[in-house]
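Working notes for the structure below.
The values are calculated or read from the model by the stated rules, or taken from the named source; none is laboratory data. The structure displayed is predicted, hence computed values, not measured ones. So basically every Cβ, Gly included, is an ideal-geometry build from the backbone, and we count neighbours across all protein chains shown.
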Amino acid sequence: AQKITQTQPGMFVQEKEAVTLDCTYDTSDPSYGLFWYKQPSSGEMIFLIYQGSYDQQNATEGRYSLNFQKARKSANLVISASQLGDSAMYFCAMREGKNNFNKFYFGSGTKLNVKP
Amino acid sequence: DGGITQSPKYLFRKEGQNVTLSCEQNLNHDAMYWYRQDPGQGLRLIYYSQIVNDFQKGDIAEGYSVSREKKESFPLTVTSAQKNPTAFYLCASSIPRGIAGRWNEQFFGPGTRLTVL
């Protein structure tokens, strides 16, 4: 089974609107971390936001927030007030706490296009 | 400034040649990783190393080799056995936990684009 699933290969959003990028994960480990990265066309991987499995509140970082629904095993990224510079690939990733805690699992990514 | 450097940025290889991609970090991280990314695709793990002199195969290790003789360095060799090596290669590093038990993210280098001629 896939550890991280991103079901939206591509998304379009109008500038200044909010957009949600979906991510579901699969783990039986009670301790894990969830991460979102942005990859512009230049190829660099930019860390955006982190959510720990024991965190009581949803993570927020500026215009980025993480809609963490633990029972549903989903960790959707919400980008508010989209900007043209948000056009990029977005990857969801997970790190488990027990077995092989140094290994990261990545989703297949979502390509976001922000329209002016 | 602490970070990860990869060199070269662009690399061209003739078929049948081995090439080595460099990855250096000064973050004092124990774990280092190599990923391959094909156009429009996600990241696939080639090898990772949790400590010096130790490394594990990832999902697509065939045709690649690594070494971890120093904490700061994790070079990747693309051998002639790798039949389709043209791709974007990303190196990363991490430490397990930070403040208050937070699981830490990976830090990535800028990448190397390898093209086979």
Suppose we keep only residues that are assigned to a strand (DSSP E or B) and aliphatic (A, V, I, L, M) within region A:82-91. Which one would you say is nearest to the other protein chains (Cβ to nearest Cβ)? A:89
What number goes with the only condition from (1) closer than 23 Å to residue A:107 by Cα; (2) more than 10 Å from chain A (Cβ to nearest Cβ) that residue B:3 does not pass? (1)
Looking only at region B:6-29, which residues are in contact with a Pro (Cβ under 8 Å, 6 or more places away or on another chain), within 14 Å of another protein chain (Cβ to nearest Cβ) and either at pLDDT below 95 or part of a loop (DSSP other than H, G, I, E, B) (or both)? B:9
If you check residue B:112 against the conditions, is it modelled with pLDDT of 95 or more and touching a strand residue (DSSP E or B) at 6+ places or on another chain (Cβ under 7 Å)? yes
Do we have residue A:28 as away from chain B (no Cβ under 14 Å), in contact with a strand residue (DSSP E or B) (Cβ under 6 Å, 6 or more places away or on another chain) and either hydroxyl-bearing (Ser, Thr, Tyr) or surrounded by fewer than 17 Cβ atoms within 10 Å (Cβ to Cβ) (or both) here? no
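Identify, from the list B:99, B:51, B:60, the residue that is surrounded by fewer than 19 Cβ atoms within 10 Å (Cβ to Cβ), under 23 Å from residue A:93 (Cβ atoms) and at pLDDT 95 or above.
Working: B:99 fails: at pLDDT 95 or above; B:51 fails: at pLDDT 95 or above.
From the options B:99, B:51, B:60, the qualifying one is B:60.
Select from region A:37-47 the residues that are part of a loop (DSSP other than H, G, I, E, B), facing chain B (nearest Cβ under 7 Å) and not small (Gly, Ala, Ser) and list them in ascending order.
Here is the first cut: in region A:37-47, the ones part of a loop (DSSP other than H, G, I, E, B) are A:40-45.
With the extra rule that they be facing chain B (nearest Cβ under 7 Å), the set shrinks to A:43-45.
A:44, A:45, listed by residue number.
So that you can scan it fast, the table gives a plain yes or no per residue for (1) part of a loop (DSSP other than H, G, I, E, B); (2) more than 9 Å from chain B (Cβ to nearest Cβ):
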| site | (1), (2) |
| --- | --- |
| A:35 | no, no |
| A:49 | no, yes |
| A:65 | no, yes |
| A:71 | yes, yes |
| A:75 | no, yes |
| A:93 | no, no |
| A:102 | yes, no |
| A:108 | yes, no |
| A:114 | no, yes |
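A quick yes/no check of all residues on (1) surrounded by 15 or more Cβ atoms within 10 Å (Cβ to Cβ); (2) under 24 Å from residue B:103 (Cβ atoms); (3) within 10 Å of the chain's Cα centre (by Cα):
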position	(1), (2), (3)
A:14	no, no, no
A:41	no, no, no
A:52	yes, yes, no
A:71	no, yes, no
A:83	no, no, no
Subset of region A:76-116, residues polar (S, T, N, Q) and closer than 18 Å to residue A:49 by Cα, comes to A:76, A:80, A:82, A:83, A:87, A:108, A:110
Being at pLDDT 90 or above, surrounded by 20 or more Cβ atoms within 10 Å (Cβ to Cβ) and over 19 Å from residue B:25 (Cβ atoms): is that true of residue B:87 here? yes
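Provide a single number: the residues in region A:54-63 that are within 11 Å of chain B (Cβ to nearest Cβ) and either of a type in the set (A, V, I, L, M, F, W, C) or under 28 Å from residue B:37 (Cα atoms) (or both).
Residues of region A:54-63 that are within 11 Å of chain B (Cβ to nearest Cβ), as a first pass: A:54-55, A:59.
Within this subset, residues satisfying the condition of being either of a type in the set (A, V, I, L, M, F, W, C) or under 28 Å from residue B:37 (Cα atoms) (or both) are A:59.
Adding up the residues that qualify gives 1.
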